[in-house]
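For reference, the structure discussed in these notes is given below.
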Amino acid sequence: MAARYTLTPSPERVGTSVPHAWLGRDVQDLLDGRCGTLMDVCVEENQYGLRYDAAYIRGADAREFVIPVTQMRLVSC
């Protein structure tokens, strides 16, 4: 399965889970360096009404954090 092109609005409703090639793999937040396992990718809306794909990541401390999919990279944590 190929990763979604996340820079354009998607036709799915806000809050819908969407497929991603990296589900279940280790990823890293490019801004602060946090690592974790990609658990889900959902369509979200920002404060300006623009849609984006949000990555739900479970960190090593078992706490989840959310970042835009375009802000993560695949790693071995």
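The values are calculated or read from the model by the stated rules, or taken from the named source; none is laboratory data. Here the structure is a predicted model, which means the values were calculated and not measured. Positions of Cβ are backbone-derived with ideal geometry, glycine not excepted, and every protein chain shown enters the neighbour counts. The area values use the complete protein model at the heavy-atom level, side chains included, leaving out ligands, DNA and RNA. Shrake-Rupley method; radii C 1.70, N 1.55, O 1.52, S 1.80 Å.
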Discussion item. Per residue, how big is the convex hull of region 20-74 when only Cα atoms are used? Give it in Å³.
Written reply: 77
Fill in: Average accessible area per residue (Å²) across the chain - probe 1.4 Å, nucleic acids and ligands excluded
64
Worksheet item: Taking a point 7 angstrom from the Cα of Leu30 along the C-beta vector, which residues in region 36-77 have backbone N less than 12 Å away?
Response: 68-74
Worksheet item: Carbon-plus-sulfur fraction of the accessible area of region 20-74, 1.4 Å probe, in percent?
Response: 47
Worksheet entry | Computed magnitude of the charge dipole of the chain (debye, nearest 20; Cβ of K, R +1, Cβ of D, E -1) | 140
